[in-house]
Amino acid sequence: QSALTQPASVSGSPGQSITISCSGTSSDVGSYNLVSWYQQHPGKAPKLMIHEVNKRPSGVSNRFSGSKSGNTASLTISGLQGEDEADYYCCSYAGRSTLVFGGGTKLTVL
Amino acid sequence: QVQLVQSGPEVRKPGASVNVSCKAPGYTFNGYYLHWVRQAPGQGLQWMGWIKPNTGGTNFAQKFQGRVTMAWDTSINTAYMELNSLTSDDTAVYYCARAVVGPDYFDFWGQGTLVTVSS
């Protein structure tokens, strides 16, 4: 159960769009449409932003969207705002009732 | 709104065990699992395993098998996670989180419990 691969950091200016990738394998991301994304501010518990690749929970801004192609899932944030600055984690079902997280990506809003 | 309320911070010596609780007051877990996720200082999230409250069934990440136990007390709607043979590498914030059965995503999280392992 190796961690999914995410870029350590990404940055963007207010109003811009950024995309965070989450690379897995054919045993996890590539085999199931069960990728979720979480936002975590310092000292806080993670918050669900996207589930099942591209579904947005009630209350989450439509500036957040998800997609998947092959073994790689992506989170896109459009119209960047200062409050979006946080750590982001992807998570995928990995078979046999197990889950695996990505290493996390620190988003900086310039 | 589901609330998951975890027990307070713990300090343990290497080789000891720790038990962290997660209470869901006034809520039933039909159709949900209760997972445990940990985060070492400055590090990412690490999935540990889950318990299915209405059956007591469990499943653990390979890394923790043989060292972790998860339990559920139906009478007080509380989950417990016990980790044994602690080392300094187990110093982390431990979170409980509710997951929807099937889609396996975490919709509600506890506030986290800091476990410090130090001699």
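A few points about this structure:
- Between segment B:1-30 and segment A:20-35, the Cα center-to-center distance that results, in Å: 30 Å
- With the convex hull drawn around the C-alpha atoms of segment A:1-71, the volume per residue stands at 119 Å³.
- Cα-centre dipole for chain A with unit charges at Cβ (Lys and Arg positive, Asp and Glu negative), debye to 20: 180 debye
- Kirkwood hydrodynamic radius over Cα pairs of chain B, then Stokes diffusion coefficient at 37 °C and 0.692 mPa s, in µm²/s: 230 µm²/s
- Phi to ³J(HN,Hα) by Karplus 6.51 cos²θ - 1.76 cosθ + 1.60 over segment B:64-70, Hz, x for Gly, Pro: 10, 4, x, 10, 10, 10, 10
- Note on A:Asn54 and B:Arg67: their simple-model spin labels are 4.0 nm apart, each label 7 Å out from Cα toward Cβ.
- Label-zone membership for segment B:20-49, site A:Ser2, 7 angstrom Cα→C-beta point, backbone N under 19 Å: B:44-47
- Secondary structure note: in the protein assembly as shown, about 90% of the DSSP beta bridges are antiparallel.
- Here the gap between A:Thr25 and A:Ser97, fully extended at 0.36 nm per residue and compared with their Cα-Cα distance, gives a gain of 24.3 nm.
- Of the residues B:Pro53, B:Pro14, B:Tyr32, the one whose Cα sits farthest towards the positive end of the charge dipole of segment B:1-87 is B:Pro14 (charges of +1 on Lys and Arg Cβ, -1 on Asp and Glu Cβ, taken about the Cα centre).
- nm² value of the averaged projected area, convex hull over the Cα atoms of segment A:24-110: 5.9 nm²
- Rh (Kirkwood; distinct C-alpha pairs) - the protein assembly as shown, Å: 17.9 Å
- Relative to the Cα centre, the charge distribution of segment B:1-105, modelled as +1 at Lys and Arg Cβ and -1 at Asp and Glu Cβ, gives a dipole magnitude of about 20 debye.
- Cross-link partners for A:Lys55 among the aspartates and glutamates, with Cα-Cα distance under 19 Å and sequence neighbours closer than 8 places in the same chain left out: A:Asp28, A:Asp84, B:Asp104, B:Asp107.
We did not get these values from a lab; they are worked out from the coordinates using the rules stated. Bear in mind that the values here come from a model prediction, so they are computed numbers and not experimental data. No Cβ is skipped: glycine too gets one built from the backbone with ideal geometry, and neighbour counts run over all protein chains shown.
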